[in-house]
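One structure is given below, encoded as structure tokens.
Laboratory data are not the source of any read-out in this text; all were calculated from the coordinates shown. Bear in mind the structure is a predicted one, so any value in this text is a computation, not a measurement. Methodologically, a virtual Cβ is constructed for each residue, glycine included, from the backbone with ideal geometry; neighbour enumeration extends over all protein chains shown.
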Amino acid sequence: MKNPFRYFNSSPEIIRLTVMMYIRYPLPLRQVEDILFERGIDICHETVRLWWNRFGPMFAAEIRRRRIHHRSYSNWRWHLDEVFVKINGETHYLWRAVDQEGEVLEVFATKRRDRKAALQFLKRAMKRYGQPTVIVTDRLKSYRAAMKVIGNSADQEYGRWLNNRAENSHQPFRRREGAMSKFRDVKTLQKFASVHASIHNHFNLDRQLTPRETLIICPGRMAPTGGMKARS
């Protein structure tokens, strides 16, 4: 495999740091340029734009491939939801699937939110991650119609607060979207949302996402002193 960094004077570590910083934090291009300059890295804000467009999908695909290989997701319960995104004054929809622990599984941008769009979204997610046991949605009828085509409509659940997991997963993307100067087309939205989801999963180290096995004290090690008791 050819080295993707062979035509760049900067080291792969600097390129990776720049891309991760721009995608992860809600910072404009020029603020990323200023922060890197304070750390002795002198690049133009247009270089930041070039690097994330060229290397962002590559880094995201690498993260996604590793997480699928190690099965860092769950097929027990999926939460599906969609949000409105304005592109050149027109309303588009960004579909999102997350598991019960908040892991973003799939994002999909469409111009409509009918049965055809919902069916494409579900097939896209199930092709990569398999079929879940339970699918939690809102009361959008497109989900029900698409799941009848697939044949798993009996696995659907919906309720007033059941889908809070999916609705809360939109917040990091919304904060990042606010620091950007809109999206020019659906392809740009799909590209950035996919990269952002993978990198967000990579850095999302909340307590509820940590497997319990990593918190158990290994045999032979002494428990912390000072009267602290382990929580059940």
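Out of Thr47, Tyr93, Leu27, whose Cα points farthest toward the positive end of the dipole of the chain (charges: +1 Lys, Arg; -1 Asp, Glu; placed on Cβ)?
Tyr93
Of (1) 35, 20, 16; (2) 31, 28, 16; (3) 80, 20, 13, which is the value of semi-axes √(5λ) of the Cα gyration tensor in Å derived from the coordinates here?
Computed from the coordinates, semi-axes √(5λ) of the Cα gyration tensor in Å corresponds to (2).
With charges only on Cβ, +1 for K and R and -1 for D and E, what is the dipole size of the chain about its Cα centre, in debye, rounded to 20? Could you put the intermediate results ahead of the total?
On the way: 43 positive and 23 negative charges, 141 e Å.
That gives the chain a dipole magnitude of about 680 debye.
Which residues' amide hydrogens lie under 5 Å from the amide hydrogen of Gln156, considering only partners 5 or more residues apart or on another chain, with H built in the peptide plane?
Residues meeting the criterion, in which the H sits 1.01 Å from N, are Ile135.
Between Gln131 and Asn9, what FRET efficiency follows from the Cβ-Cβ distance if R0 is 35 Å, with the result rounded to 0.05?
Approximately 0.15, to the nearest 0.05.
Below 8 Å between Cα atoms, with a sequence gap of 6+, how large is the relative contact order for segment 85-136 in percent?
With pairs under 8 Å counted, the relative contact order is 26 percent.
Describe numerically, in nm with one decimal, the distance between label points set 7 Å from Cα along Cα→Cβ at Trp161 and at Thr91.
2.8 nm
Which of these, Glu62, Glu90, Glu177, has the largest mean-square fluctuation under a Gaussian network model of the chain (Cα springs below 10 Å)?
Glu90
Could you list Val83, Val195 so that the one with the fewest beta carbons within 10 Å of its beta carbon is first and the one with the most is last?
Final ranking by Cβ density, sparse to dense: Val83, Val195.
Is the shape of segment 1-131 best called rounded, prolate or oblate, per the rule: a/c under 1.5 gives rounded, else a/b larger than b/c gives prolate, else oblate, with a ≥ b ≥ c the square roots of the Cα gyration tensor eigenvalues?
Note, shape of segment 1-131 comes out prolate.
In debye, nearest 20, what is the charge dipole magnitude of segment 12-69 about its Cα centre with +1 on Lys and Arg Cβ and -1 on Asp and Glu Cβ, if you could check?
Working: 10 positive and 7 negative charges, 103 e Å.
Around 500 debye, computed over segment 12-69.
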